[in-house]
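Novice: Got a structure for you, written out below as structure tokens; questions coming shortly.
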Amino acid sequence: MIDSHCHLDHEPLLENIDDIIKRSKDVGINKLLTICTTLKSFEKIKSLVKKDSIIFGTYGIHPHETETDVVNIDNIINNINENKKIIGIGETGLDFFYNHSNKQRQIDSFKTHIEASIILKKPIIIHSRNAENETYDILNTYKKNDLKILMHCFTGSFEFSKKLLALGAFFSASGIITFKNSVDLQNTFKTIPLDKLLIETDSPFLAPIPMRGKKNEPSFIKYTAEKLSSIKEINLDKIIVHTTRNFNNLFIT
């Protein structure tokens, strides 16, 4: 299995990193992608990718952080080119649920990340909340550039998923699909082609059932994989094979 989105630089994961890695390997995880959200977090990620062969990282600024952390295309390109284990761009995107940062700053930052991803031909990890139309409209303007799109922790509508599929997007299922009130989301994931699916924990956030109330960690990915298997009515082993292959096709090859 591969946890396509976790935050190993966050506590309590970082202070327990040796145990986190061991438990990850024990459940069959062979890659962890730890996601950058701020300039400060990237300094930790650079150390984390040296910690173990299964850990890989990204470089990018979360939409909530665009008020204070500003990067340009050259910053992104240079930081990714310096380390072969930094394999993706993000997380970036748009989040209009909270008023943490100016909408235009988020949009400008999102476009900067997209344009860097086009130059580098690297996947872009996208966070989208309360911004379906704006997210799609921006991505659609770059549709001729063969974007490698991963919709992280996808919770969008069925209609949004269809529009994104037309752009070639991949979709990552998080522990949210295990929640009892996520029936609409489960139905959406049922329609997404198997060759477009990945799994993630977004740990230490969003612990899946039956681990709700605990700090999430990568080893809990097995519960999301099991739920996705149930939703898709496909054998768990097949889910693991496909989501692993999809990650490697998107990020490694």
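The values are calculated or read from the model by the stated rules, or taken from the named source; none is laboratory data. Since the structure is predicted, the reported quantities are computational estimates derived from the model, not experimental observations. Glycine gets a Cβ as well: all are built from the backbone with ideal geometry, and neighbour counts include every protein chain shown.
Novice: Determine the pairs where a residue that is farther than 21 Å from ARG105 by Cβ and surrounded by fewer than 18 Cβ atoms within 10 Å (Cβ to Cβ), located within segment 64-83, has a partner that is modelled with pLDDT of 95 or more and hydrophobic (A, V, I, L, M, F, W, C) with Cβ atoms under 9 Å apart, the partner being 6 or more residues away or on another chain.
Specialist: Within 9 Å, the pairs are ASN81/LEU120; ASN83/VAL49.
Novice: Output the residues belonging to segment 56-106 that are in contact with a Gly (Cβ under 9 Å, 6 or more places away or on another chain) and among the charged types (D, E, K, R).
Specialist: Scanning segment 56-106 gives LYS85, GLU91.
Novice: What are the pairs with Cβ atoms under 7 angstrom where one residue, in segment 234-253, is closer than 11 Å to LEU198 by Cβ and the other, located anywhere, is among the β-branched types (Val, Ile, Thr)? Sequence gap at least six, or different chains.
Specialist: THR243/ILE2; THR243/ILE199; THR244/ILE2; PHE247/ILE2; PHE251/ILE87
Novice: If I filter segment 203-211 for residues that are in a loop (DSSP other than H, G, I, E, B), over 16 Å from SER229 (Cβ atoms) and touching a Gly at 6+ places or on another chain (Cβ under 7 Å), do I get at least one hit?
Specialist: The initial filter retains those residues of segment 203-211 that are in a loop (DSSP other than H, G, I, E, B), namely 203-211.
Filter once more, so that each one left must be over 16 Å from SER229 (Cβ atoms): 203-207, 211.
When the remaining residues are screened for being touching a Gly at 6+ places or on another chain (Cβ under 7 Å), the result is 206-207.
Yes, some residue in segment 203-211 is in a loop (DSSP other than H, G, I, E, B), over 16 Å from SER229 (Cβ atoms) and touching a Gly at 6+ places or on another chain (Cβ under 7 Å).
Novice: Under 7 Å between Cβ atoms, which residue pairs at least 6 apart in sequence (or on different chains) link something in segment 89-101 that is at positive phi with a partner that is in a loop (DSSP other than H, G, I, E, B) and of a type outside the set (Val, Ile, Thr)?
Specialist: Final answer for the pair search is GLY90/GLY60.
Novice: Need the failing condition index for GLU43 against (1) assigned to a helix (DSSP H, G or I); (2) of a type outside the set (Ser, Thr, Tyr); (3) more than 16 Å from GLY88 (Cα to Cα), just the number.
Specialist: (3)
Novice: Separate question: Can you name the condition, by its number, that SER174 falls short on among (1) of a type in the set (S, T, N, Q); (2) within 17 Å of the chain's Cα centre (by Cα); (3) more than 22 Å from HIS5 (Cα to Cα)?
Specialist: (3)
Novice: Within the set of pairs 6+ apart or on separate chains, which have a first residue in segment 39-51 that is within 10 Å of ASN83 (Cβ to Cβ) and in contact (Cβ under 8 Å) with a residue 40 or more places away in the chain, a second that is surrounded by 22 or more Cβ atoms within 10 Å (Cβ to Cβ) and of a type in the set (Ser, Thr, Tyr), and C-beta atoms under 9 Å apart?
Specialist: Qualifying pairs under 9 Å: ILE45/THR34; ILE45/THR58; ILE45/TYR59.
Novice: Let me ask something additional. Let me spell it out: the conditions are (1) touching an Asp or Glu at 6+ places or on another chain (Cβ under 9 Å); (2) over 20 Å from ILE54 (Cβ atoms); (3) not in a helix (DSSP H, G or I), and SER229 meets all of them except one. Which number is the exception?
Specialist: Among (1) touching an Asp or Glu at 6+ places or on another chain (Cβ under 9 Å); (2) over 20 Å from ILE54 (Cβ atoms); (3) not in a helix (DSSP H, G or I), SER229 violates only (3).
Novice: Now for a different question. Does any residue of segment 246-253 turn out to be modelled with pLDDT under 95 and closer than 30 Å to THR141 by Cβ?
Specialist: The answer is yes, given that some residue of segment 246-253 is modelled with pLDDT under 95 and closer than 30 Å to THR141 by Cβ.
Novice: I've got another one for you. Could you tell me which numbered condition ILE125 fails, if it satisfies all but one of (1) within 17 Å of the chain's Cα centre (by Cα); (2) of a type in the set (A, V, I, L, M); (3) surrounded by fewer than 18 Cβ atoms within 10 Å (Cβ to Cβ)?
Specialist: ILE125 satisfies all of (1) within 17 Å of the chain's Cα centre (by Cα); (2) of a type in the set (A, V, I, L, M); (3) surrounded by fewer than 18 Cβ atoms within 10 Å (Cβ to Cβ) except (3).
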